[in-house]
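Participant: Here you go, one structure.
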Amino acid sequence: MPFEPVILFFVLGLVAGIVRSDLKLPGVVYEALSIFLLLAIGLKGGVELSRHNVADLALPALVIVAVALLIPLAAFPVLQRLGRLPRADAASIAAHYGSVSVVTFAVASSYLASRGEPAEGYMVVFLALLELPALVMGVALARRGAADTRWGKLFHEVLAGKSIVLLGGGLLIGWLAGPEGIQPLDRVFFDLFKGMLAFFLLEMGLVVAGRLADLRRAGVFLAVFAVLMPLAGGLLGVLTANLLDFSVGGAMLLATLYASASYIAAPAAMRIAVPEANPALSIGASLGITFPFNLLVGVPTYHWLASHLAGVI
Amino acid sequence: MPFEPVILFFVLGLVAGIVRSDLKLPGVVYEALSIFLLLAIGLKGGVELSRHNVADLALPALVIVAVALLIPLAAFPVLQRLGRLPRADAASIAAHYGSVSVVTFAVASSYLASRGEPAEGYMVVFLALLELPALVMGVALARRGAADTRWGKLFHEVLAGKSIVLLGGGLLIGWLAGPEGIQPLDRVFFDLFKGMLAFFLLEMGLVVAGRLADLRRAGVFLAVFAVLMPLAGGLLGVLTANLLDFSVGGAMLLATLYASASYIAAPAAMRIAVPEANPALSIGASLGITFPFNLLVGVPTYHWLASHLAGVI
Amino acid sequence: MPFEPVILFFVLGLVAGIVRSDLKLPGVVYEALSIFLLLAIGLKGGVELSRHNVADLALPALVIVAVALLIPLAAFPVLQRLGRLPRADAASIAAHYGSVSVVTFAVASSYLASRGEPAEGYMVVFLALLELPALVMGVALARRGAADTRWGKLFHEVLAGKSIVLLGGGLLIGWLAGPEGIQPLDRVFFDLFKGMLAFFLLEMGLVVAGRLADLRRAGVFLAVFAVLMPLAGGLLGVLTANLLDFSVGGAMLLATLYASASYIAAPAAMRIAVPEANPALSIGASLGITFPFNLLVGVPTYHWLASHLAGVI
Amino acid sequence: MNLPLSLRRLLTIICEASLEPELVRELARLGARGYTITEARGQGAHGLRDGSWGASANIRVEVLCDELTAEAIVDTLHAGYSANYGMVMFVTDVAVLRPDKFRGAPG
Amino acid sequence: MNLPLSLRRLLTIICEASLEPELVRELARLGARGYTITEARGQGAHGLRDGSWGASANIRVEVLCDELTAEAIVDTLHAGYSANYGMVMFVTDVAVLRPDKFRGAPG
Amino acid sequence: MNLPLSLRRLLTIICEASLEPELVRELARLGARGYTITEARGQGAHGLRDGSWGASANIRVEVLCDELTAEAIVDTLHAGYSANYGMVMFVTDVAVLRPDKFRGAPG
Ligand SMILES: Nc1ncnc2c1ncn2[C@@H]1O[C@H](COP(=O)(O)O)[C@@H](O)[C@H]1O
Ligand SMILES: Nc1ncnc2c1ncn2[C@@H]1O[C@H](COP(=O)(O)O)[C@@H](O)[C@H]1O
Ligand SMILES: Nc1ncnc2c1ncn2[C@@H]1O[C@H](COP(=O)(O)O)[C@@H](O)[C@H]1O
Ligand code: NA
Ligand code: NA
Ligand code: NA
């Protein structure tokens, strides 16, 4: 079985949206599910963290964040020169791809789990760390030279945004409470995780179906970009993971982080910090193409890459 | 204990509604719960299906659907002649009773499970198959001779309606993924099923309490119809099941399918396809009388019938 | 570990609200969670009740309710004389403190459970019984001498209010169905309880953060009252429990009931029955100060009191 | 085709959600033939009401009716509730198709 | 600064939620450039519609447009739906900034 | 009894939900004494915004105020946001009971 069954729920949602089913998961359910997933992932990572010496993670974290910044830096000129996109749009899209998708990460973890392939439990710490820097970089690219940048708003929007608050808060709670403290909550946060992910993917399928019109606006260049960019990011992730001596599972997760494009934190932040960028383009690419691409093709590909390139550096 | 404890939640909702409690399950929760139940039932059926040869089900499916069409065909003249209802109303009510109620089916399954009585796992396939044909029949009855029937809309409304999409999609996913593929989702879709059903029944109690006013509009004839029709349907179900050599549990479930009246797919479809039918009548009868009747009296009765008539044909 | 990890979720919500995070649990989720918690607590109590002779609880219930009425009777003159609050406000606040907080009770139960300290399972019966009387007392205090009291409305508001309907309905269902009848629902109502409580506390943290402005209106007197009143109530609870020969766990739970202030049933009831009372004052004190105080300081304190005063009467 | 439109009043009431049951009873008593409610949140003299929980939710009620009914409702609600409850009311002129649907008392 | 406001019509339609897909198609066909929907519940000639489940939910649709478009929509919806569906429509005069946004057919 | 009604402006703003925090700050700064928000979805020049997830949700904001405040808000929002955000504004005349509640700056 080359795919994760949970992905079938995404396909179901997509098909339902395309045939104009009256199936709708109310926006409130989307909200509640995303809160659940973010908090659960944070808690899981925090519990893992409590088993490690946090100081040991400082160096890999630094490397991982530094390398991650190459992604928007490389994407921006490609989008602006090759894609002939306005500066604001190129910067905003670059920021989306530099940041990360929590759900893609969750699907990749599920993929590993169902194959019994282990991975470093603290990868989720990097997930939380990778959210912000690319967004800052994106705004810097959009505003180069301009004086009126709303940096304060941007930092507030992201650091007080629900993804960081829930991921970070979950990490902290999991770390403080440790495995035994969290154990009575396992029934909700861990046992239900995969089922909730299935529902969320159903909803994402519906959302993506509703954004297919945006794809047409995005055009061929962006469509190609939205497939090649994650592959490049995935490769970069595997190589960086090798450098850091991660396991195959860890390499695959880092590849997924680099390859994935944000569609929760980034759209919200870019809307505030770079309002002249057209969200239809960035969301069309990241959610309409890269997200399904990663789910269906990317995740197994990164696993393959991680297995075959293990130990090359 | 002659009743399923889960039914007490329905009674609680009903009483809360009647005493005008401020207890309200928001409409969004109703939506989310019905999505959960439909998908979970579909998945369960799909997993069962993956254990059988699908081709073996073709003949029983054909018989079951063909016999089910007798229900609206019999109900229509009764409603039109005896009940003196306008053609559109008679046809719409006939369609509701020909189609099926997913929650009644779920309660009947729970009833069997808590008695340790086994049943054919693939009954849920028939649940999905029985949804549509009676609705088509109802529209045909309403429109006999008329030229402007919106068949396209009707088919789209039902086939792309959330009940078919979720039941059918769940069946397909369960069938493709099989028991091991679905296993990580069991915690959500199977373990939580009964608790979610309890919540849904609480909500249904509140909804039914709010529709008691419609009952008065419905009148005595329709009230009697709403009690006798399911009994007749239940008997027909038991006999058909005997013909097909189903187990006692399977016979009871088929009886429940025939006896139950739809209040999710049918109202939505009839509103679009036969707009001149008064929904207060069909929903008042199916939801206000037949649904509670089946929960409290019908389900045990069909079990009794299935046990005592086992092997008569 | 001197605290319950579940409290960290409250702190997270509080911090998120204070830093103006865009994290919001939709109002609908608040509704759904509170319905879940009320029903689950009721069911749990009902199952316990089915193991006891209900008649044996009559006397302790009477004592507990009678003693509980001392709380609003003592609070009212303090608020009116010392606090110089208008009669309506003094009466409404007294009613809030005389009534009980279901979530504080749930946290106290969790606290006991995670310490392996047993408690009388039927304490939840007293929780249900304590909700109403203080509210009636509060209205009587507000209306002394006035002729136009809307008693009918008050009784309806409380008795048909969602807390009594769900707690009482849950008790009844649990009692009728007994342990085996409820067992298939355990996965939802018992296993998920603590995780749901965590979510609810996250939400309560956000709500409390949003009410901090009300605290300023409340003033210093009310802030002091909101800390001393629960301590006095807790002491009264421990003493009463000793009188009734409860276990240490039971004494701690009764202390928590007496110490806690209602913020579900009381605000709704007072708004209808004593509309001239300012809800910012009563909710500011009960939810803004007493609720977090009880969570963070009160619950361990009442446990300490119950352990050290065990057997003094 | 061009159907004739008639003038009616649209009364909008924004108030605490806890008033809903009483409000609905009053509307019926004062002759309104119908109403529409949407969930709302907001800010006003009574502070922020952000709808995050039951006690801080508002509702937005619309009543299409004739002038006399609108006046009766405004007067009654103002006298009965605006002292103690967060409440805002405003009246707009609107054109409707079937004016009889929005008369005062049934008849 | 004081931007010039122009007069347009605001058409509000309150109806059963199940009509939404058809309604949206009709609005586009009749030249509306946009619409806004909020979830609603209410009471009227067709009884209580409390939104507790799909079949009893209403929607409240607003369309900003010019007079001709408003008339066309009112006439079409009245002819097509008001006999069989719970539905209320009313039209208000409003002032808008960019009147071209709310013209009839795109142009 | 027949209470005197005064004329005020009702400004309605329909825009992307992500603007809410800034909008609310602007309203306060420009002298609005209150506002009411309902969740909305819709369609317009910026395409379909169906509210299925955060990024596609709209809000519908109502502000009762005097003419000057309404003008100030319309001008400021138009200048600051309508180029980059989905946004529609319209102004209606309404009659209110307690006109002082809806003046400009507190006073
Ligand atoms: N100036 C205003 N414009 C629009 N809505 C308002 C205004 N003032 C108050 N409201 C709404 O009416 C509710 C009650 O208002 P108040 O009685 O002033 O607290 C508020 O929560 C708002 O939703
Ligand atoms: N007089 C009215 N004022 C405000 N809303 C109304 C009125 N009459 C009906 N409605 C709304 O329109 C819907 C359908 O109305 P009806 O066709 O009269 O049942 C109702 O459910 C209400 O939401
Ligand atoms: N003609 C219109 N009538 C009613 N609402 C509109 C109209 N045009 C736009 N809207 C609303 O305003 C939002 C933003 O509009 P726009 O900036 O045109 O995309 C849309 O999503 C709709 O909710
Ligand atoms: Na990335
Ligand atoms: Na049937
Ligand atoms: Na108390």
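Participant: Find all pairs meeting these conditions: Cβ atoms under 7 angstrom apart; at least six residues apart or on different chains; first residue within the range C:225-248 and among the aromatic types (F, W, Y); second residue within 14 Å of ligand 6 (Cβ to nearest atom).
Facilitator: Taking only residues 6 or more apart or on different chains, the pairs are C:F225/C:A285; C:F246/C:L254.
Participant: Tell me, please, whether a residue that is at positive phi and either within 14 Å of ligand 3 (Cβ to nearest atom) or at pLDDT below 95 (or both) can be found in the range E:35-49.
Facilitator: Within the range E:35-49, one or more residues are at positive phi and either within 14 Å of ligand 3 (Cβ to nearest atom) or at pLDDT below 95 (or both).
Participant: Show me the helices (runs of 4 or more DSSP H) found entirely inside the range A:148-246 where at least 2 residues are aliphatic (A, V, I, L, M) and out of contact with any Phe, Trp or Tyr (no Cβ under 7 Å at 6 or more places or on another chain).
Facilitator: A:151-159, A:162-182, A:193-210, A:212-243
Participant: Where residues in the range B:1-35 are more than 8 Å from every other protein chain (Cβ to nearest Cβ) and among the aromatic types (F, W, Y), which of them is surrounded by the fewest Cβ atoms within 10 Å (Cβ to Cβ)?
Facilitator: B:F3
Participant: Checking E:L68 against (1) within 14 Å of chain F (Cβ to nearest Cβ); (2) part of a helix (DSSP H, G or I); (3) within 17 Å of the chain's Cα centre (by Cα), only one condition comes out false. Which one?
Facilitator: Result: E:L68 fails condition (1) only.
Participant: On to the next question. The conditions are (1) in contact (Cβ under 8 Å) with a residue 12 or more places away in the chain; (2) more than 14 Å from ligand 1 (Cβ to nearest atom), and F:E71 fails exactly one of them. Which is it?
Facilitator: (1)
Participant: Now for a different question. Name every residue in the range D:3-18 that is within 12 Å of the chain's Cα centre (by Cα) and within 16 Å of ligand 1 (Cβ to nearest atom), in order of residue number.
Facilitator: Scanning the range D:3-18 gives D:L10, D:L11, D:T12, D:I13, D:I14, D:C15.
Participant: Considering each residue of the range C:269-313, count those that are buried (at least 24 other Cβ atoms within 10 Å of the Cβ) and among the hydroxyl-bearing types (S, T, Y), and give that number.
Facilitator: Count: 4.
Participant: Which count do you get for residues in the range B:71-100 that are surrounded by fewer than 17 Cβ atoms within 10 Å (Cβ to Cβ) and part of a helix (DSSP H, G or I)? Before the answer, list the steps.
Facilitator: Here is the first cut: in the range B:71-100, the residues surrounded by fewer than 17 Cβ atoms within 10 Å (Cβ to Cβ) are B:73, B:77, B:81-82, B:84, B:86.
So of that shortlist, the ones also part of a helix (DSSP H, G or I) come out as B:73, B:77, B:81-82.
Selection size over the range B:71-100: 4.
Participant: Out of curiosity, is D:E26 assigned to a helix (DSSP H, G or I), away from ligand 4 (no atom under 16 Å from the Cβ) and modelled with pLDDT under 95?
Facilitator: no
Participant: Name every residue in the range A:255-280 that is assigned to a helix (DSSP H, G or I) and at pLDDT below 95, in order of residue number.
Facilitator: Applying the first criterion (assigned to a helix (DSSP H, G or I)) to the range A:255-280 yields A:255-259, A:265-273, A:279-280.
Those that are assigned to a helix (DSSP H, G or I) and at pLDDT below 95: A:A265, A:A266, A:P267, A:A268, A:A269, A:M270, A:R271, A:I272, A:A273, A:P279, A:A280.
Participant: Also: Any residue that is more than 14 Å from ligand 2 (Cβ to nearest atom), farther than 17 Å from D:P4 by Cα, part of a strand (DSSP E or B) and within 14 Å of chain F (Cβ to nearest Cβ) - is there at least one of those in the range E:77-94?
Facilitator: Yes, there is a match, as at least one residue in the range E:77-94 is more than 14 Å from ligand 2 (Cβ to nearest atom), farther than 17 Å from D:P4 by Cα, part of a strand (DSSP E or B) and within 14 Å of chain F (Cβ to nearest Cβ).
Participant: I've got another one for you. Starting from residues that are in contact (Cβ under 8 Å) with a residue 12 or more places away in the chain and out of contact with any Lys or Arg (no Cβ under 8 Å at 6 or more places or on another chain), keep the ones in the range D:32-54 and report whichever is nearest to ligand 6 (Cβ to nearest atom).
Facilitator: Top of the filtered list is D:G54.
Participant: For C:V224, are the conditions met, namely being more than 13 Å from ligand 6 (Cβ to nearest atom), within 30 Å of D:A45 (Cβ to Cβ) and within 12 Å of chain D (Cβ to nearest Cβ)?
Facilitator: no
Participant: Yes or no: A:A68 more than 14 Å from chain B (Cβ to nearest Cβ), surrounded by fewer than 17 Cβ atoms within 10 Å (Cβ to Cβ) and hydrophobic (A, V, I, L, M, F, W, C)?
Facilitator: Considered against the rule, which asks whether it is more than 14 Å from chain B (Cβ to nearest Cβ), surrounded by fewer than 17 Cβ atoms within 10 Å (Cβ to Cβ) and hydrophobic (A, V, I, L, M, F, W, C), A:A68 comes out as no.
Participant: Considering only the range C:42-49, I want to know if a residue exists there that is more than 16 Å from C:L197 (Cβ to Cβ), within 11 Å of chain A (Cβ to nearest Cβ) and of a type in the set (D, E).
Facilitator: No, there is no match, as no residue in the range C:42-49 is more than 16 Å from C:L197 (Cβ to Cβ), within 11 Å of chain A (Cβ to nearest Cβ) and of a type in the set (D, E).
Participant: Here's something else I'd like to know. Of the numbered conditions (1) farther than 30 Å from F:M87 by Cβ; (2) within 14 Å of chain F (Cβ to nearest Cβ), A:M229 fails exactly one; give the number of that condition.
Facilitator: Of the numbered conditions (1) farther than 30 Å from F:M87 by Cβ; (2) within 14 Å of chain F (Cβ to nearest Cβ), the odd one out for A:M229 is (2).
Participant: Taking F:I59 as the residue in question, decide whether it is aliphatic (A, V, I, L, M) and within 14 Å of ligand 3 (Cβ to nearest atom).
Facilitator: On the way: aliphatic (A, V, I, L, M): yes; within 14 Å of ligand 3 (Cβ to nearest atom): yes.
Yes, satisfied.
Participant: Let me ask another. From the list C:L141, C:L172, C:L167, C:L132, which residue is within 18 Å of the chain's Cα centre (by Cα), modelled with pLDDT of 90 or more and not basic (K, R)? First the steps, then the outcome.
Facilitator: Working: C:L141 fails: within 18 Å of the chain's Cα centre (by Cα); C:L172 fails: within 18 Å of the chain's Cα centre (by Cα); C:L132 fails: modelled with pLDDT of 90 or more.
Only one candidate qualifies: C:L167.
Participant: A follow-up question, please. Just the residues that are over 14 Å from D:F102 (Cβ atoms), more than 8 Å from every other protein chain (Cβ to nearest Cβ) and surrounded by 19 or more Cβ atoms within 10 Å (Cβ to Cβ), please, taken from the range D:18-45.
Facilitator: Within the range D:18-45, D:L19, D:L23 meet the criteria.
Participant: While we're looking at this one, here's another question. So which of F:T69, F:T38 ends up being in contact with a Leu (Cβ under 9 Å, 6 or more places away or on another chain) and of a type in the set (S, T, N, Q)?
Facilitator: Values: F:T38 fails: in contact with a Leu (Cβ under 9 Å, 6 or more places away or on another chain).
None of the others qualify; the one that does is F:T69.
The values are calculated or read from the model by the stated rules, or taken from the named source; none is laboratory data. Just so we're clear, the structure is a prediction, and the values are computed from it rather than from any experiment. Every residue, glycine as well, gets a Cβ built from its backbone with ideal geometry; the counts of neighbours run over all protein chains shown.
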